[in-house]
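Some notes on the structure that comes next.
Rule-based calculations on the coordinates, nothing more; no lab input. Keep in mind it's a predicted model, so treat the numbers as computed, not measured. Glycine also receives a Cβ, built like all others from the backbone with ideal geometry; neighbour counts cover every protein chain displayed.
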Amino acid sequence: MRGIREEEERRGAKDDARVAGVLQLVLVVLVCVVAAASARPQRGGAPPAGEPIAIVNLQSEVNLDGTFSYTYESANGIKAEARGQPGQGPPGEEGTSEQGSFSYVGDDGQTYSVTYTADENGFVPAGAHLPTPPPIPEAIQRALEFNEKNPEPEEGAPRKGR
């Protein structure tokens, strides 16, 4: 009797192992299906690659002193130009100071233009179509001006008044 019970337990363990293996296989197949579905092309985004777009004008100058300038125009109406020179980068680092502009025709047929500077203060674009922050409320502006004129004392330094 004991031998039969041990044999049944061994078969049960083998069956459990088979079920676990099948579940693992199902999980792997499910993950593959989800990955394949995620990798399929999505709507929107860049149009499919077609004929290359011609560059109809290109001028570029790079000088030994680090200054540069370029301008280009493509057949689809994209235009860009920039000039730059060595400048200050993040604190303690060298960088480049650049001023430029670019424009393109949007899907709505409208031409969008951006002018920009890029220097130690980062990339600062400007364009009629770009959002701008709302004006600072008067009370906040007064508080900022007050704080600028009356800085907090250094930590540990004696305070005046009060």
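Before moving on, here are some points about what is shown:
- Summing Lys and Arg as +1 and Asp and Glu as -1 over all other residues whose Cβ lies under 9 Å from the Cβ of Ser101 gives a net charge of 0.
- Percent RCO, i.e. relative contact order, over region 70-162, from Cα pairs under 8 Å lying at least 6 residues apart: 16
- The residues packed around Glu120, meaning those with a beta-carbon under 14 Å from its beta-carbon, carry a net charge of -4 if Lys and Arg are +1 and Asp and Glu are -1.
- Considering every alpha-carbon pair of region 60-101, the percent of pairs per 10 Å bin, from zero through the bin containing the longest distance, is 27, 42, 24, 7, 0.
- For Phe68, neighbours were defined as the other residues whose beta-carbon sits under 12 Å from its Cβ, and their charges (Lys and Arg +1, Asp and Glu -1) total -3.
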